[in-house]
Amino acid sequence: MAEVFRVDLGGMVELLSRNLYSGPRVFVRELLQNATDAITARQETEPGLAGRIRFITDGATLSVVDNGVGITHDEAGALLATIGATSKRDVLGLARTDRLGQFGIGLLSCFMVSEEIVVQSRSVTGAPAIEWVGRSDGTWEVRTLEQPPSELADFGTVMRLRALPGERWFAPGILEELLRSYGEFLPSTVMLESPHSTVITEEPPVWEQAPAEQARWCAEHFGFMPLAVVPLHARAGGVRGAAFVLPDGAHPGRATRHQVYVRRMLLSDKVTDLLPEWAYFVRAVVDTQHLRPTAARESLFDDDLLEQTREELGAQVREWLHALAKEQPREFQAFLSAHETGLKAMALTDEATRQLVADAVPWETTVGPRTLNQLAATGMIRYAPTPAAFRSVAAVAEANQLCVVNGGYVYGAELLEQFALDRPDVSVREIGLTEILGALTPLELAEEAWFLTLVSAGRAALSAVDTDVVVRRFKPSTMPVVYLDGTAQFADRLAAKVTEADGSLAGLLDALRPPAAQAARAQLVLNADAPLIYQLAGISDANLLTHAVRGLYVQGLLAGQYPLGPQARVWAAGSFESLISSAVERNHP
């Protein structure tokens with residue numbers, strides 16, 4: 001014969017009341033939920049009934065009075081004394097899905113603030129009034145009252161608690177704060193009497209307010225004035241609410257806390273999984289009719305319904321961003337100034353966000369700001385991988401109508417590489433030296449002869465830094481040289497990594513090594529249209545040319561904001577001194 005488990009009720013009460021909930025403060029929420037469920041049940045047969053919930057305290061004792069459906073003698077044992085029993089039970093004829101809580105578990109929270117719970121109730125069925133007494137040791141009893149308690153002139157329930165020694169949870173100030181936190185938007189009137197009466201509930205709730213009022217609510221409760229307020233609604237979860245756009249930069253991956261109400265009762269102000277991870281730049285306040293709370297009712301149950309709701313809400317935030325970019329460019333720029341880096345970070349792993357970035361976020365190019373989709377319309381995107389590389393070619397490329405994208409910002413190159421995978425019809429690659437040189441005007445054969453001596457001396461002067469010297473004609477003529485970094489240095493650094501690595505990593509790195517034919521040396525491009533370069537081509541003094549070219553090399557590095565290596569620093573000082581010395585000697589032999 002099978003035996004049943006023996007359960008220590010006192011130990012069960014201690015375990016659940018102390019470990020199910022995060023702290024004693026939730027007892028106020030549980031009392032509000034029980035009262036609200038009872039009122040909702042009565043309103044089903046009396047639709048015009050105005051719900052009332054009274055919290056009466058003297059600091060040491062607390063009475064909570066509602067004008068709800070009440071309970072009978074039999075229902076008291078079934079609901080109050082059974083852990084996990086729910087106010088949706090068929091015994092009350094209330095098999096519906098619009099109740100907030102579970103009576104049995106909800107009462108456990110009260111044992112964190114009181115050794116004993118007294119429930120006195122008068123049922124709408126006309127049954128005699130009853131009194132149920134439960135204790136923290138797990139014992140309980142129920143009896144019939146000859147007279148209803150004085151607080152129950154009508155039907156309803158009174159719950160009485162006595163504070164634990166030394167505890168102040170029933171102090172009027174603490175109770176008011178907790179009542180406003182959990183119950184300020186409940187549809188029933190909530191009163192605190194101590195002995196002065198204070199109305200706790202406010203109308204309308206924040207999700208029904210105008211955007212300007214919602215913004216003020218955000219400033220008061222979240223601590224910031226939002227850049228914008230985005231309306232939220234989801235049919236799947238029966239959600240209404242608002243998302244507030246943070247006014248300053250937030251970091252992707254940081255948990256964003258949202259404030260969630262369940263049928264106008266606060267669930268938690270620390271819910272982190274209501275919106276998709278990529279929507280890190282908003283904080284939301286919502287009310288839900290259908291999303292399920294966890295057993296402790298301090299977070300949402302992570303099920304398919306929550307996932308569907310999360311997708312709906314995320315789509316609305318994304319639609320708002322698209323509309324902002326198209327219809328309110330100034331406001332969109334304000335958003336980007338705060339969140340562009342984070343938006344790009346999320347775009348690396350979220351395709352829909354990446355599409356938004358490609359469509360709406362302008363990139364710096366040598367022909368002015370352009371979005372990736374605008375650039376893709378040409379079928380080709382060329383980018384400089386670092387800010388230094390972009391700056392070194394920007395003036396020349398702009399003057400010669402060569403479009404180069406600055407891929408050197410945070411996540412820039414990675415996004416461009418991912419965009420290339422998204423759009424195989426578009427050629428996306430790092431701009432090469434041959435492309436830049438190809439955009440510059442080559443010299444005629446007769447003109448090249450004039451610069452042969454200068455080119456030969458320049459190559460010899462820069463052999464120590466593995467940099468070639470070429471002459472082209474380009475705009476602006478006021479720029480005598482431009483320095484172009486090459487792939488040879490990259491290949492050398494990669495070779496060192498391949499030597500250090502082993503196994504599959506070595507194979508991967510070796511696959512990235514450019515073929516010898518494609519490895520290009522750095523280039524110092526002399527501008528044939530610059531007066532200084534033309535004059536240097538007519539000088540035969542080899543020593544003077546050496547110092548002049550090295551000085552121009554240093555100038556090219558500085559113009560592109562490349563770091564000066566040890567050799568460049570030596571030349572920066574030596575060439576300047578030698579050129580001054582040569583000038584002095586010519587003028588004062």
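The values are calculated or read from the model by the stated rules, or taken from the named source; none is laboratory data. Note that this is a predicted model, so its numbers are computed, not measured. As a convention, Cβ positions derive from the backbone with ideal geometry for all residues, glycine included, and neighbour counts pool all protein chains shown. Each accessible area value is taken on the protein alone, full model and side chains, heavy atoms only, with ligands, DNA and RNA left out. Shrake-Rupley method; radii C 1.70, N 1.55, O 1.52, S 1.80 Å.
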Around PHE332 (Cβ within 13 Å, Cβ-to-Cβ, excluding PHE332; K/R +1, D/E -1) the net charge comes to -2
Accessible-area order (highest first, 1.4 angstrom probe) of the listed residues GLU213, GLU203: GLU203, GLU213
From the P(r) of region 339-498, can you give the percent of Cα pairs sitting at distances over 27 Å? 35 percent
Give me the net charge for the shell around ARG54: Cβ to Cβ below 14 angstrom, other residues only, Lys and Arg +1, Asp and Glu -1. -4
Would you pull out the residues with amide H under 5 Å of ILE381's amide H, same chain only if 5 or more places away, H placed 1.01 Å from N? SER427, VAL428, ARG429
For THR201, residues with placed amide H under 5 Å, excluding near neighbours: VAL190
Straight distance only, please: which aspartates and glutamates reach the Cα of LYS326 with their own Cα at less than 18 Å, same-chain residues fewer than 8 apart left out? GLU340, ASP359
In what sequence, largest accessible area first, do SER109, SER194 appear using a 1.4 Å probe? SER194, SER109
Taking region 365-422, how much of its Cα-Cα pair set, in percent, is spaced more than 14 angstrom apart? 51 percent
Considering only protein heavy atoms, with the full assembly of protein chains and a 1.4 angstrom probe, order MET346, MET265 by accessible area, largest first. MET346, MET265
Area accessible to solvent at THR478, 1.4 Å probe radius, in Å²: 120 Å²
Show which aspartates and glutamates lie in cross-link reach of LYS270 when reach means a straight Cα distance below 19 angstrom and same-chain residues fewer than eight apart are skipped. GLU30, GLU177, GLU184, GLU220, ASP287, GLU298, ASP302, ASP303, GLU307
Spacing of the two label points (7 Å from each Cα toward its C-beta) at VAL118 and MET380, in nm: 8.9 nm
Quick one: which residues, 5+ away or cross-chain, put their amide H under 5 Å from the amide H of ALA284? H built at 1.01 Å from N. PHE244, GLN259
